[in-house]
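What follows is a set of notes on a single structure, which appears directly below.
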Amino acid sequence: VDPNNSSTVYIAWADRVGTGDIYTIHVRRSTDRGVTWSGDLRTITNATCVALAVADNGTVGLLYQQLT
């Protein structure tokens, strides 16, 4: 949740796309407290263990593991 605007919420998750063992991370945003969501703001293939943080100034941090 953005500490400056509680209506702005971010979510991130990893799922398998297709039939392979490759996970894809998705990041989305809601500006109405989770009623509706944007499309993917960011997708990262072959990655998992995702974490999000929102700083006091509204900057979003994204941490994940990726096999390269």
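List of remarks:
- For the chain, averaging the sequence separation of C-alpha pairs within contact (under 8 Å, six or more residues apart) and dividing by the residue count gives a relative contact order of 30 percent.
- For ASP56 and ARG42, the difference between the fully extended length at 0.36 nm per residue and the C-alpha to C-alpha distance is 2.9 nm.
- Taking only the C-alpha atoms of the chain, the Rg (one decimal) and the largest Cα-Cα distance, Dmax (whole number), read 13.0, 40 Å.
We did not get these values from a lab; they are worked out from the coordinates using the rules stated. Quick caveat, the model's predicted, so the values are computed rather than measured.
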